[in-house]
Amino acid sequence: VEATRGHATVKLGASPRASLALFRCAQAHAYLDQRAYVLPEDVKGIAVEVLAHRLMLDPKARYGGVRKEDLVREILGVVPVPV
């Protein structure tokens, strides 16, 4: 979520409410897999759906054909998984 706020093509990144939504959805994803804990794969598996619609791209990127979903995937590939 923090990486969306500093990305060059993002005018308005994901908010603290987006962080909470990502957290809750990751918990639900883990629960559906019958686990009481969240794995990084849970977060990565739902991040595109949860975060993409919460971003506001700058006009140059928006009209240049940048897709929010692809941007979130790019950020997921760059941000290291915490250990």
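Computed values, structure above
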| item | result |
| --- | --- |
| HN-Hα J in Hz across the range 37-42 - Karplus 6.51, -1.76, 1.60, θ = phi - 60°, x for Gly and Pro | 9, 9, 9, x, 5, 5 |
| Loop-located chymotrypsin sites (Phe, Trp or Tyr not before Pro) in the chain, at most 15 other Cβ atoms within 10 Å (DSSP) | Y37 |
| Options (1) 1.13; (2) 1.81; (3) 1.06 - which one matches Cα Rg over 2.2 N^0.38 Å as calculated here | (1) |
| Euclidean distance between Cα centres, the range 62-83 to the range 1-28, Å | 11 |
| Exposed trypsin sites (Lys or Arg not before Pro) absent - longest run of the chain, DSSP non-H/G/I/E/B, at most 14 other C-beta within 10 Å | 1-34 |
| Long-range amide H partners of K11 with built H, under 5 Å | M56, L57, D58 |
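Every number in this text was worked out from the coordinates using simple rules, so none of it is lab data. This is a predicted model, so every value here is computed, not measured. Every residue, glycine among them, receives a Cβ derived from its backbone with ideal geometry; neighbour counts consider all protein chains shown.
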